[in-house]
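Below is one structure, written out as structure tokens, with a few remarks after it.
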Amino acid sequence: MNIKRKTLLLAVSSVILAGLGLQGSYAQSTAAKSNTAPSDTARSISGYFTPATTAKKTPDAKGFIQRWLLLDPINKPNRGNTVFTDSYLRKAFSTEYFPNQFTMLPKDGETVKAGEQELKWHALDSKNYNVKLFRFAYGLRKQIYGVLFWTVTVVNCPREMKNVRMAVGSNSASMWWLNGKEALLLSGDRRMVVDDCVSTRLTLNKGKNIIRGAVINGPGMSDFCVRFLDEKGAPIKDLTISCE
């Protein structure tokens, strides 16, 4: 009788100890997950952009412009991208969403009012040849779909450059201006492709030249790439890029 009782007590003790061990393992596992959760859910633009500085900035090895002033995305609801016809885009891009949008040279941190939205300008250097607008909006916890992005940069030329072409790729549709004049319209539902559209022959003035761009997208990713090509189709790299 005593032997049976001892055997039963040993069995019960083993079960209790096993249960405590499982609880301890579960607690450690939960604590570990709790500690890693913040980093798992962090959203940042640091993987794709760095803050622009006053240091000299030239195009990359293939001539792509990487320094831009980007405005927080403007709400522009579109369920799909098939509506991006020339006529739709010209109306959308000619609409004034915020004061002086076609003339102002914004400053980093400056804010504008677009309808009920308070939007901020960000002076950034892209880490890639293409400017990842989706990652910009996502990292800043801004609206990522049904949006219109506005961007500006300054291209400084050491001399007058004639017969150059602006080459652009964008996802999705976009419009680009050089020194206040329309240079390119990329219509339709498109993916970003390098040199997808190339402008007619343009002149870059000696000194400051201002590029403005508007990129619109419904669902999906958003990005763009811009460079200038010379008369022979080679990338122009002897430029400096600034935000002022």
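The values are calculated or read from the model by the stated rules, or taken from the named source; none is laboratory data. Keep in mind that this is a model prediction, so the values were computed, not measured. Note that each Cβ is placed from the backbone with ideal geometry, even for glycine, and that neighbours are counted across all protein chains shown. Just so you know, the surface numbers come from the protein's heavy atoms only, side chains and all, with ligands and any DNA or RNA stripped out. Shrake-Rupley method; radii C 1.70, N 1.55, O 1.52, S 1.80 Å.
What does the charge count near Asn156 come to, summing +1 for each Lys or Arg and -1 for each Asp or Glu among other residues with Cβ under 12 Å from its Cβ?
+4
Chymotrypsin sites (Phe, Trp or Tyr not before Pro), restricted to segment 163-244: which are DSSP loop and have at most 11 other Cβ atoms within 10 Å?
In loop regions of segment 163-244 (DSSP not H, G, I, E or B), there are no sparsely surrounded chymotrypsin sites (Phe, Trp or Tyr not before Pro).
Once you sort the root eigenvalues of the Cα gyration tensor of segment 165-244 as a ≥ b ≥ c, which label holds: rounded (a/c under 1.5), prolate (a/b larger than b/c) or oblate (the other case)?
Prolate.
Taking only protein heavy atoms into account and a 1.4 Å probe, give the accessible area per residue of segment 86-208 in Å².
About 48 Å² of surface per residue is accessible.
What is the percent carbon and sulfur in the accessible area of segment 119-238, measuring with a 1.4 Å probe over the protein chains and ignoring ligands?
Looking at segment 119-238 in its full context, I get 45 percent from C and S.
Is segment 49-203 best put as rounded, prolate or oblate by its Cα gyration tensor, with a ≥ b ≥ c the root eigenvalues, rounded for a/c under 1.5, and otherwise prolate when a/b is larger than b/c, oblate when not?
Rounded.
Under a Cβ-Cβ cut-off of 14 Å, what is the net charge of the residues other than Thr111 that fall near it, where Lys and Arg count +1 and Asp and Glu count -1?
Local net charge: -1.
How high is the relative contact order of segment 137-244, in percent, with contacts defined as C-alpha pairs under 8 Å that are six or more residues apart?
40
Highest mean first, how do 118-127, 188-197 rank when packing is the count of other Cβ atoms within 10 Å averaged over residues?
Most protected by this proxy first, the peptides run 118-127, 188-197.
Explain nothing, just the number: relative contact order of segment 71-228, from Cα pairs under 8 Å at least 6 residues apart, as a whole percent.
Taking the mean separation of contacting Cα pairs over the length of segment 71-228, I get 32 percent.
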